[in-house]
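Colleague: Before we start, here is the structure in question, set down as structure tokens.
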Amino acid sequence: MQGGCFCGNIRYEIGDGEYLVANCHCTMCRKTSAAPFVTWVVVPTESFRYIQGSAKLLQSSDKGRRYFCEECGTPLVFLAEERPTVIDITTGSLDDPERYIPTKDVHEESRLKWLHLNND
């Protein structure tokens with residue numbers, strides 16, 4: 001599976017597998033994506049690699065690092081200090097985001113009150 005940023009400067013690939021897919025409702029995800037929530041595919045770090053370009057670091061907190069395209073601004077990945085063996089990849093940056101369906105919501109205490117998902 002491959003993905004990348006909007007402008008095409010950054011490309012990555014992940015290995016095939018059954019991965020956790022979660023909608024994150026935290027305020028940092030909302031602010032850094034300008035969206036009501038972000039859907040992430042959580043893969044083992046060794047299953048991810050950049051195949052073109054390199055992403056810019058945003059140290060979004062003392063516990064997390066986000067990477068994005070410096071040219072077009074596309075959010076790409078998130079690394080959490082407390083989960084060093086996995087990397088979270090934005091499903092919106094995948095070439096085939098339909099392949100990964102969310103099965104979980106996290107940080108629901110921050111969910112926007114007007115947001116109602118299909119399972120509500």
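The values are calculated or read from the model by the stated rules, or taken from the named source; none is laboratory data. Just so you know, these numbers come straight off a predicted model, no measurement behind them. Note: ideal-geometry Cβ built from the backbone for every residue, glycine included; neighbour counts use all protein chains shown.
Colleague: From the residues in segment 74-112 that are surrounded by fewer than 19 Cβ atoms within 10 Å (Cβ to Cβ) and polar (S, T, N, Q), which one is farthest from Val41 (Cα to Cα)?
Modeller: Ser110
Colleague: Scan segment 106-120 for residues that are of a type outside the set (A, V, I, L, M) and either modelled with pLDDT of 95 or more or closer than 17 Å to Thr32 by Cβ (or both) and jot them down.
Modeller: Taking segment 106-120 and keeping what is of a type outside the set (A, V, I, L, M), we get 107-111, 113-114, 116, 118-120.
Selection gives His107, Ser110, Arg111.
Colleague: Just to be sure I understand, how many residues within segment 9-30 are in a loop (DSSP other than H, G, I, E, B) and either in contact with a Pro (Cβ under 9 Å, 6 or more places away or on another chain) or touching a residue at least 24 places away in the same chain (Cβ under 8 Å) (or both)?
Modeller: From segment 9-30, those in a loop (DSSP other than H, G, I, E, B) are 9-10, 15-19, 25-26; that's our starting set.
When the remaining residues are screened for being either in contact with a Pro (Cβ under 9 Å, 6 or more places away or on another chain) or touching a residue at least 24 places away in the same chain (Cβ under 8 Å) (or both), the result is 9-10, 15, 17, 19, 25-26.
Selection size over segment 9-30: 7.
Colleague: If Ala80 satisfies every condition in (1) of a type in the set (Gly, Ala, Ser); (2) free of Cβ contacts under 8 Å to residues at least 24 places away in the same chain; (3) in contact with a helix residue (DSSP H, G or I) (Cβ under 8 Å, 6 or more places away or on another chain) but one, which is the exception?
Modeller: The failed condition is (3).
Colleague: Kindly indicate the residue of segment 31-60 that is in contact with a Leu (Cβ under 8 Å, 6 or more places away or on another chain) and in contact (Cβ under 8 Å) with a residue 60 or more places away in the chain and also farthest from Tyr100 (Cα to Cα) among those meeting that condition.
Modeller: Once the filter is applied, the top-ranked residue is Pro36.
Colleague: Another question, then. Criterion first (of a type in the set (S, T, N, Q) and at pLDDT below 95) does Ser60 satisfy it?
Modeller: On the way: of a type in the set (S, T, N, Q): yes; at pLDDT below 95: yes.
It is true that Ser60 is of a type in the set (S, T, N, Q) and at pLDDT below 95.
Colleague: Could you look through segment 54-67, keep only residues that are within 16 Å of Gly3 (Cα to Cα) and assigned to a loop (DSSP other than H, G, I, E, B), and pick out the one that is farthest from the chain's Cα centre (by Cα)?
Modeller: Ser54
Colleague: Further, regarding this structure: Could you tell me whether Glu70 is at pLDDT 95 or above, out of contact with any Lys or Arg (no Cβ under 9 Å at 6 or more places or on another chain) and not in a strand (DSSP E or B)?
Modeller: no
Colleague: Same structure again: Tell me which of these Ala35 doesn't satisfy, since it passes every other one: (1) surrounded by fewer than 16 Cβ atoms within 10 Å (Cβ to Cβ); (2) modelled with pLDDT of 95 or more; (3) among the aliphatic types (A, V, I, L, M).
Modeller: (2)
Colleague: Take segment 86-108 and flag every residue that is among the small types (Gly, Ala, Ser) and touching a residue at least 60 places away in the same chain (Cβ under 8 Å).
Modeller: Of the residues in segment 86-108, the ones among the small types (Gly, Ala, Ser) are 92-93.
Selection gives Ser93 alone.
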